[in-house]
1. Just to check I understand the Karplus step: with θ = phi - 60° and J = 6.51 cos²θ - 1.76 cosθ + 1.60, what whole-Hz values come out for the range 212-228, glycine and proline as x?
2. Between the range 24-92 and the range 235-290, what's the alpha-carbon centroid distance in Å?
3. Over all pairs of distinct alpha carbons, what does the Kirkwood formula give as the hydrodynamic radius of the range 1-83, in Å?
4. Per-residue ellipticity at 222 nm for the chain, helices alone: DSSP H runs ≥ 4 residues times -39500 (n - 2.57), over residue total, nearest 500 deg cm²/dmol?
5. Is the chain best put as rounded, prolate or oblate by its Cα gyration tensor, with a ≥ b ≥ c the root eigenvalues, rounded for a/c under 1.5, and otherwise prolate when a/b is larger than b/c, oblate when not?
6. If you average 1/r over every pair of different alpha-carbon atoms in the range 142-272 and take one over that average, what Kirkwood value in Å do you get?
7. Among Gly258, Gly59, Gly17, whose mean-square fluctuation peaks in a Gaussian network model of the chain (Cα, cutoff 10 Å)?
8. Tabulate in residue order the Karplus-calculated ³J(HN,Hα) for the range 130-147, using 6.51 cos²θ - 1.76 cosθ + 1.60 with θ = phi - 60°, rounded to whole Hz; enter x for Gly and Pro.
Amino acid sequence: MKLVTFTRPGESREALGLLREDRVLPLEDLGFAFADMNDLILRASKEDLAAMAAAEGEGLPLGDVTLLSPIPRPLQDVLCLGLNYSEHAAEAGRFSSEAFGVELAAPIFFSKRVNYSQGSGAPIPAHRDLTQKLDFENELGVILGKDASCVAPEDVADYIFGYTIINDVSAREVQTIHKQWHFGKSLEGFCPMGPCILTADEVPFPPALPIWTTLNGKLRQNSNTNCLIHGIPEIVSTLSRGLTLKAGTIIATGTPKGVLMGEENPVFLQPGDEVVCGIDGIGELRNTVE
């Protein structure tokens, strides 16, 4: 099933719902009471989730509601993988061998501060006072459904709640000047997410889903999530050896080639540009730079 966070027409109160093609079924109308998506991930039982998946109702027309990020306020920083598709690693190395010319034998981890994640249709702030090299990165987001500590790779599937799309927006010169990636990845509005959470039971593990991005209608990224250098079992198992990954943890698994810094003479994002990040089975995350 597909879970969403949305607002009703004329209301600011956030609500949870099931996305069924062109309609949204509010969970509260179906008898489910959760404060927000984080609360649902932490408290919903298998029986609750099965009942949600089987629920029927008329719902609301999708065009009448505003979809927000499924998790507008993550419980912790988003954990991210760098250079996790081989062709993207090559294009990044051409842009800055000093910043990106590294060995890929082990996963490259960093974190992304997210005070608020906006949803599909919301703007990406240009931050023109800080960056002239604004870039996109379409990534499969993995959401954990329970605490993970010392998890073996073969057991990782049991810890996955679901998947979403994350645009890991990046200020390239901020990212490289500071010799680390946290600040250049963490400016306000740099983590659009959505349009939904696809629960893990909907796709085989690990997911092999076409992932693609268009910029102003032109195809820029076109790959598959089975092309990760370090796959989801390795990512979660490696991190969980030395720290506990709490339920609700969001992991951005890396981006394919086709980002703007990969061009020989890159023209970076400008106000008015529309970025559409898509992953088959999850949907489209559509945002315009302002």
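The values are calculated or read from the model by the stated rules, or taken from the named source; none is laboratory data. Small disclaimer: the values here were computed from a predicted structure and weren't measured. With ideal geometry, Cβ positions are generated from the backbone for all residues, glycine too; neighbour counts draw on all protein chains shown. Each accessible area value is taken on the protein alone, full model and side chains, heavy atoms only, with ligands, DNA and RNA left out. Shrake-Rupley method; radii C 1.70, N 1.55, O 1.52, S 1.80 Å.
1. Ordered by residue, 3J(HN,Hα) equals 8, 9, 10, 10, 6, x, 9, 5, 10, 10, 7, 8, 9, 5, 7, 9, 4 Hz.
2. Answer, in whole Å: 17.
3. Across the range 1-83, the inverse of the average 1/r is 13.6 Å.
4. Computed mean residue ellipticity for the chain: -4000 deg cm²/dmol.
5. On the way: a/c = 1.88, a/b = 1.32, b/c = 1.43.
Oblate is the answer for the chain, as a/c is 1.5 or above yet b/c matches or exceeds a/b.
6. Answer for the range 142-272: a Kirkwood hydrodynamic radius of 16.4 Å.
7. Most flexible of the set in this elastic network: Gly59.
8. Each residue of the range 130-147 in turn: 10, 9, 10, 10, 7, 9, 10, 8, 7, 9, 6, x, 10, 10, 7, x, 8, 4 Hz.
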